[in-house]
Every structure is written in structure tokens, then in C-alpha cells.
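Input: a single structure, listed below in C-alpha cells.
What follows is calculated from the coordinates using simple rules that are stated; it is not laboratory data. Since this is a predicted model, take the numbers as computed values, not measurements. Note that we place each Cβ from the backbone using ideal geometry, even for glycine, and neighbour counts take in every protein chain shown.
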2 protein chains.
Amino acid sequence: MFRDRLRNEKLWDRIVTADEAALLITDGMTVGMSGFTRAGEAKAVPLALAERARRDPLRITLMTGASLGHNLDRTLVEAHAVARRLPFQSDPVMRGAINVGEVMFIDQHLSETVETLRSGQLAPVDVAVIEATAITEDGSIVPTTSVGNSASFAILAPKVIVEINLSQPEALEGLHDIYIPTKRPSREAIPVVAPDSRIGVPFIPIPAEKIAAIVVTQSSDSASTVEPPDAETGAIAGHLTEFLLNEVRRGRLTERLQPLQAGIGTIANAVLHGFTETPFHDLTMYSEVLQDSTFELIDVGKLNFASGSSMTLSTEKHRSVLSEIEHYKQRLVLRPQEISNHPEVIRRLGIIAINTALELDIYGNVNSTHVGGTHMMNGIGGSGDFARNAYMSIFVTKSLAKDGAISRVVPMVSHVDHTEHDVDILVTEIGLADLRGLAPRERAEVIISNCVHPSYREVLKDYYQRALLRGGHTPHLIEEALGWHDNLRRTGRMLSQRLSHF
Amino acid sequence: MFRDRLRNEKLWDRIVTADEAALLITDGMTVGMSGFTRAGEAKAVPLALAERARRDPLRITLMTGASLGHNLDRTLVEAHAVARRLPFQSDPVMRGAINVGEVMFIDQHLSETVETLRSGQLAPVDVAVIEATAITEDGSIVPTTSVGNSASFAILAPKVIVEINLSQPEALEGLHDIYIPTKRPSREAIPVVAPDSRIGVPFIPIPAEKIAAIVVTQSSDSASTVEPPDAETGAIAGHLTEFLLNEVRRGRLTERLQPLQAGIGTIANAVLHGFTETPFHDLTMYSEVLQDSTFELIDVGKLNFASGSSMTLSTEKHRSVLSEIEHYKQRLVLRPQEISNHPEVIRRLGIIAINTALELDIYGNVNSTHVGGTHMMNGIGGSGDFARNAYMSIFVTKSLAKDGAISRVVPMVSHVDHTEHDVDILVTEIGLADLRGLAPRERAEVIISNCVHPSYREVLKDYYQRALLRGGHTPHLIEEALGWHDNLRRTGRMLSQRLSHF
């Protein structure tokens, strides 16, 4: 049976232990690893590398698709093995190292990493470490539950380490669609014209000679950390559904909507989950990560097809989806993140993009990454790729955090990831603000009325009224604009208890 | 000879005065006018409309390609005829009306306006007013010195007013390439694969019946307001040339570079002008506005082909280029701004994008629009379309303004148009910062060392050092971050004279 997993006999003698494979990685190297939203990461070699680094210090540049499961970021950081990290992470220990300046983190749009690598604008990848379902007769790699940047890492690196993961079902083969843009100056259009377009091959084509080591593993992907829907995420889903139904009534959309994208996380997942109860039908997704809600929508017959770069599922969903992957495969495709997130394709298809905001301001600017304007949370991920080029760019968040000590709607965001030009619709559990075609002063009125928690509404209204007296296209009291963040830093609350219940 | 300008005899009886044509526009309408960077705007009907509005009040939504010449924005605003304005302007009186809240200004990425119109997400255009070189046998419109949004305005509006401008040479016919993306869900790839790709037709195809009025005019375009290169813009061009030569030496670029984009304005124009003295050759442009420098580069044999959406020239250049337009035409194409600025094409071609910053911060975030974080200057224009999708995104600015009262490099920008994710290279007359692959703390070091004027460098270094003590991925003293802007507001200087010479 293992012959089906490793079909090139000449490669049998490349099978080594994880420790041996890890020896190919040395101090100062740039390593490109598979893994996107805790799915399909190489699971053994990074741990062996961390183990070695504890005895024999080394530091690498670690590039991935996006976040890694199995506490790999944490383990590598605790071994002080990471000097630079890109383009995304979501690990508390890695985050801590980034925020004290131990790890240099390059927070990139997920569609751009391999583009900058390919043009030599980032240091080249020395070794790629890729999880595989199988290696084909000619040495090509069949990925597992994510594609991420694996294809370009393997193609660009002089040496490739492959982890064949026996716990990943063989039936994953055929799920992937690997396409690499042609070289400039004769680059052609990317031929995706619908979510179900297949434009490439179902494996990563590399010459067998580049495979320097093969490691056999068997641990399954980590479970998604997404929390179940609650009353507030339910209310957010309700407001958004109501709004989209209105768009249908006005003839701007049909009940098939437009291809959907939903960012990773509890709120976006809950919003999509909410669509199971709506009249929308024959939906499609063109997204980066496919979460539990994708499969719920397929199961209830609402979703016809989903394109992504990874599948990140709860333990229960993981079991049911992977055991029936043949059934789902005809409705799914996994692509390189360069293609799932490509501006060209997103603009062409006309995506409805739903992403989560960390905070937003009265003019509709969105902070997705920086707590208090300074401390990195996870990274911008693909939210910019989608928000900029979407048919409609929606950001969702709960109106409060930390039991009301924090308002997610502030006078001025302390860090900007998405400018007001790229934000069409804002939704909190309080309500929805439709900002399309509005000037900043109009945006402020509707955001304050519709999205802010009542305990902050009057104070925010007061800020805006006083700012108006100073005039401007985007009125602000520049000396107070970040005052709520400074209060939070000093007192643990954005406003004193008295003020926030004005 | 006029028969060549108006080739459909049935349309002869639509010729009216500007006053008569303007009667088609009534209070509350949305009017889509031609005009992009003071080129090719309808010149008579807007003035007649303003004249009428002074007697008989009316207010419209005014959409254009970009900025208008002939003080049209000013005249319309002084007549209180503009309620809403999009997607760009550059007129001091219009700007004033926006900043006091009299005119609601929607500041959009220039590629997006007609996309949102077409999908019904903006109120529909009631009347289009388009300047033409000629009207063909079947009623199609040959544009003049700009295309902008004219094609989509004319196609989407139920009524079209055409101004045939006899001062625009007939030889402009054939210069334009009009292509409108196909309808979703079966939208196809936009087939531009090189700056000189011609993918459409040389006229705006509309049925003759839609032409409701024709006005004959003869004033030429307003001259460009771009100032000649000076020592500082020369230094900026020098730093950038040196950097690009280095990229060539490292094998990342050839001496043909990549297709160039340069934003409108004195500095970007001067930078391109500086390329006349370099070893670069066989250059191409894929830009939005073609300025004097474009034609200087053609004249010295450096530039093979330029694609744009308009030509905005000094009085002298205007005369020489338009009188020899047959000569230049083989090296030029003017496209709809949706295509000149399309993310799909920009990413495909791999543009080197050069745009002007109003201010930038130590982490490489860029403000292009808001003075003091509140007051609109012109608008984001196409800078976001290019910066986000470019092969390399460069922002240029002088390090100081107002005789040193303002540093263009600040601790935190007071408004963000381009996030650090979209900014690769910063250049001032002091030097160049190459930010590619750098984390924020590394970006701060290189920006402070290379780009800041010496009179602000130590104070900025001091800010950064104190911010570092608080930690974070992007260290800031949140209570001081906008302090320079507050000083400026209160005292007219960002720092006291003493401090800025620390």
C-alpha cells in the first residue's frame, strides 16, 4: 500500500528520519514550509529542527503559507530557531517573540509572498519542507489539506524535504489544482473564470532529483480553534442576511449572490453558518480557508462549489469530511494561495468578501492586526487581497471586547490595514452600516447610529460633533483621536466606567 | 470639413447651444462628465449649467474621470451646483467646499468608480457629457485627450450630450482603445498582455439615438500645473536611478526595467524626466496620465510605448505634441481608466509604480490625501490601484514642506491611504529607503537614517527609541504619535524651532 504513496522506486532510499532530514537545514537558511491556517503543515521535520536548535543553536527565516498547527511556531520560537517569519502566524508565543523584537515578522498580503520571491525581491528559499499525500512516479508532490505556498516553495528551492503523511487519506489526490503564473514579460491571464475552473495539474511538478529527503508521518491536522456561533455572531449573521435579502429585492443580486469569501475565525464562520437558514441557494465560494461552515452549507444543499487554499475543520468535521472526501471532492478545489487570493481573479469573479475587524473607526477604516496600535495579533492575511478587489467588502466584529472595557468602534483606528476606500459594509451585533457611495461625514453618522454599542454611542457622537466644529473632509480632534487607546494602555479601559455609560 | 467631425447626418439637428444642452440637466441628477487630469473635459455645458444654477438653484452629483481643467470645479461650486463629487478633484475652491462639508466627496480608487456604477451600487448616471473629436456614422464617440470614465458614462446613461471640440486635432482618432469588461458571471480575462496591446475599438460605441444634444466648442485643454524639475526633485530622481541601476547590476531587472507608472504631479514628472539621462532604454509606460516627461523620453529615444488614460501637458508640450500627433500616435494608446488602472493588468505586467506621498511615517505608511489628518487635498486617485498591485511600489516626496515647518516624515501618519504592506521603496531628496522584506523595526531604522531631513532626524530617532521601550511589532508612543500634527495645528510648526534643530 505504501507503494501508492511513494510511486518512484528510486526515491525509496531517500526515506530518512525527521532528525536526519532536519540536518539539511542549517543556520541562516530560508526555509519554505507547507501549512496554511493550521492545515497541511509538515509536522515532523520542524519539531526535529527545534529539538536540534535547543542543543546546537541556529536561526532560520521561516516562510509558510499562513499559520501552522501542532504548536510548531511555538516550539520553534521556544528553541530560538526563528530569526524572521512571514507572511502570517497566529501563535501566542510567536506573537510574543514578534512583539519583543526577537523575531522579525514580515506581515504580507498572502497573494504576494511568492510573487516577491520569484522576482528575487526576497531572499531565496534554500529548502522547502512539504507535507504530501503521495509522491508520483516522476517525483511530483500531491499536497494534503492545504496548498498555500507549497508549490512555489518546492519549485523555487534547490532542495525539497517531503513528509508523506499516512493519516491524510489517499483520496485527497485530485483535489488540488496547481497553477503557477507564466513568466513576465510574456505573462498570460490567469484562466480562472468561475470558482470551479480547473486550470492546472493535481500535483506540484518538480524533478525527482530535487527531493533530498522523505519522512513518513502520521499525525493528523490540528483541530480548528474556531468557537461555535453565539447570540452575538448570530445577530451579526442576521443583520447581514437581512441586508443581502434587500439587495436581492432591489435587483442588485440574485439569490445565488456572488461567490463568497469568508476570512478565518469565529465570526466569519458563524456568518456563513447563518446562511444555512436563508433563502439563498446555489451558492459558490472563492475563498482562502474552507471552514466547518463550508461543509455545513454543502450538506444542506446550499453551496454548489467551494474553491480555497486549505481546509481547517473542527475535530468532528475533520473526521466526517476526510472520511467522505470522495463525496466532497467533486464540489471542492484547493489552489495555491497566490491564485485563491489573486487580485485578478477576485475582481473578475465579483466576490462578496467577509472579513473580521479587530477595530474600526467612525469613518470606516479598519485595523485587522495591531492591538493598541503597536502589538501584532496575527497578520493581515488575505483580508487585503479580498477587501480591495471584492464586488462588496464586508467587515464584521462584535461591538465590544473585554467585558466592555474596549469598544471595537473608536474615533480613529490605532493602525490601518484597510482604508475607508476598501470598506463597503460594516456589521456588529448592534447593526449594519452600508457605506457605499457615502462621504466620510455621512459614513460617521451611519456607523455611530448603527454599529456602536449603546454604552459608547453618546461619547462617540460627542467626539464627532466636536470634531465637526474644526471642519475637514474627515473631521478629527487630532489631539484626542487616539485618546481611547491611551486610556486603555494606562487604565485597562477605553473610557472610565462613568463615561461609557454616559 | 465639419462633416468629418459629425458624420451622421441625422444628428445635425441635435446641434444646440451649450445653454440649451444644459437644460437636459436638472436638479438632483447624477451627471457623468468626461475629463481626467485636466484633459478632455467637456468645456461648455458645465459652464452653462453653472450660469443657470446661479439664477435657478440646482445641485447635482458630479462624476468625472478625475480632475477637470478650465476651473470647472470652481465655477460649479461657486454656483452651489455640486452636492456630491467623485472620484477625484484637485481644485482649491472645490477642496474648500469639501472641507466645510458643503460638497460630499467620495474619494475612490480610480479603477473602481464604473465597476460600482455598473453593479448598481452607486446611483445611476442620468446624463453623460462627453468631449469628442468626432461622432462617427453610427453615432459612436471619438474621445479627445482623455478617456477616463467617458466610455462607461456614455454607455450607462440614458442621455448623452456630446461636445465636439474643433481645437482637438482630428488626428486624435485612432489613439483610443475602448474596452469594457464583459458582464459577470461570465466575465472574461482582460486581454492586455503588454502596454501596447490593443483590445477594443477606437471609439465609444453607443446608439446614435442616445445622443440628446451636440455642442460645438473650440477651447483647448488647460495647461498642466506641473512645475519644472528643481534641485530636490533632481536629487530624488538621482537616488532612484542609482537604486534601479543597482537592481540591474544584481540581475533583478534589465535596462529595459518594467513598465513604468508615474502619478500626476511635479515630483513624479521630474523623476521620469531624470530617466532621459540614464542608461535605461527601450522603456515602456503603463500609466494613467501621460505628462511632459513621457514625450521627452519618447523624443530622446528612451521610451518605446506609453499607455495611459489621458495626456496632460504644459502649454509648450501641448502645442508640439498635438501638432505632431500622427507621429506620436504609433507609440501611444489612451484607455478607459478602469483598464489603465486595472489590478488584473497591473499585476500581470509587473509595473514599477512611482507615486507622490503627502506624508509618510517611520514604518512606511503613506498619507496621500489628508492635510493634518482631516483636510482633503485632491484624493487617492490611482495611487492605490498601482501601489497595491505593482511589481515595485515607490513613493516619493520632498523631506520638508513650508520652509521646514513641516517634516514629510512623521512618527505616525495622520491618515493612511497606503499601508506599509503596499510600500516598497521611499525616496526623498535626502536618500532612499529599500523596505522590501523588512519588519517594521527594521523599516524605521532605514527610513530615519535615509529619508528624514537632518533637522528632524534626531527628534524622530528619539521618538523611536522611546517607543521601543514599550515594545510591540510597530512600536509607538500612542499619546505622542500624532503630537507633531497637533503642534502644527496650534503653532504652525510641527516642532519648535529649537527642537527641529536638536
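Quick look at the numbers
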{"quantity": "Antiparallel bridges, percent of DSSP beta bridges restricted to the protein assembly as shown (to nearest 5)", "calculated": "25"}
{"quantity": "Residue-wise HN-Hα coupling along region A:122-136, computed from phi with Karplus coefficients 6.51, -1.76, 1.60 (Hz; x: Gly, Pro)", "calculated": "10, 4, x, 6, 8, 9, 9, 10, 10, 7, 10, 7, 7, 10, 7"}
{"quantity": "Eligible aspartates and glutamates near B:K302 by straight Cα distance, threshold 12 Å, same-chain separation 8 or greater", "calculated": "B:E255, B:E277, B:D282"}
{"quantity": "Bridge type composition, region B:2-217 - antiparallel percent by DSSP, nearest 5", "calculated": "15"}
{"quantity": "Region A:43-164, relative contact order in percent, only Cα pairs under 8 angstrom and at least six apart counted", "calculated": "22"}
{"quantity": "For A:A134, distant residues with modelled amide H under 5 Å away", "calculated": "A:V142"}
{"quantity": "Per-copy distances of the A:R184 label point, shortest first, in nm (7 angstrom along Cα→Cβ)", "calculated": "2.7"}
{"quantity": "Chain B: relative contact order in percent, alpha carbon pairs under 8 Å with at least 6 residues between", "calculated": "13"}
{"quantity": "Average beta-carbon neighbours from other chains, 10 Å sphere, peptide B:366-379", "calculated": "4"}
{"quantity": "Kirkwood Rh (inverse of mean 1/r, distinct Cα pairs), region B:226-314, angstrom", "calculated": "13.0"}
{"quantity": "Average beta carbon contacts from partner chains per residue of B:340-350, 10 Å cutoff", "calculated": "5"}
{"quantity": "Label geometry 7 Å along the beta-carbon vector: B:R198 inter-copy distances in nm", "calculated": "4.0"}
{"quantity": "Projected label distance in nm at B:K402 and A:D19, using a 7 Å step from Cα toward the beta-carbon", "calculated": "6.7"}
{"quantity": "Order of B:S323, B:S220 under a 10 Å beta carbon neighbour criterion, fewest first", "calculated": "B:S323, B:S220"}
{"quantity": "Residue-wise HN-Hα coupling along region A:466-480, computed from phi with Karplus coefficients 6.51, -1.76, 1.60 (Hz; x: Gly, Pro)", "calculated": "6, 5, 4, 4, 8, x, x, 5, 10, x, 8, 9, 4, 7, 10"}
{"quantity": "Under Karplus coefficients 6.51, -1.76 and 1.60, residue-wise ³J(HN,Hα) of region A:14-22 in Hz, glycine/proline x", "calculated": "8, 5, 9, 6, 4, 4, 5, 4, 5"}
{"quantity": "Net charge contributed by nearby residues that have their C-beta within less than 12 Å of A:R249 (K/R +1, D/E -1)", "calculated": "-1"}
{"quantity": "Sites B:R252 and B:N8 - FRET efficiency at Förster radius 45 Å, r taken between beta-carbons, to 0.05", "calculated": "0.25"}
{"quantity": "Local electrostatic count at B:T182 - Lys and Arg +1, Asp and Glu -1, tallied over other residues with Cβ under 10 Å", "calculated": "+3"}
{"quantity": "Peptide ranges A:34-41, A:382-389, A:363-370, A:201-208 listed from the most packed, as the mean C-beta count within 10 angstrom indicates", "calculated": "A:34-41, A:382-389, A:363-370, A:201-208"}
{"quantity": "All Cα pairs of chain A, percent lying beyond 41 Å", "calculated": "21"}
{"quantity": "Average beta-carbon neighbours from other chains, 10 Å sphere, peptide B:414-423", "calculated": "6"}
{"quantity": "Percent antiparallel among DSSP beta bridges (both partners in chain A, rounded to 5)", "calculated": "25"}
{"quantity": "Local electrostatic count, B:D4, Cβ distance below 10 Å [Lys/Arg +1, Asp/Glu -1]", "calculated": "+1"}
{"quantity": "5 angstrom amide H check on B:S314, placed H, neighbours 5+ away", "calculated": "B:S224, B:D292"}
{"quantity": "FRET efficiency, 1/(1 + (r/R0)^6) with R0 45 Å, evaluated for A:D462 and B:Q497 via beta carbons", "calculated": "0.80"}
{"quantity": "Pairs of lysine residues in region A:2-217 - Cα separation under 19 Å, sequence separation of 8 or more or cross-chain", "calculated": "4"}
{"quantity": "Spatially proximal lysines relative to A:K317 (Cα-Cα < 17 Å; intrachain offsets below 8 disregarded)", "calculated": "A:K329"}
{"quantity": "Other copies of B:E9: label-to-label distances in nm, shortest first, labels 7 Å along the beta-carbon direction", "calculated": "8.6"}
{"quantity": "Built amide H within the under 5 Å cut-off of A:F305, gap 5+", "calculated": "A:M285"}
{"quantity": "Whole-Å distance, taken between Cα centres, linking region B:187-207 and region B:426-496", "calculated": "44"}
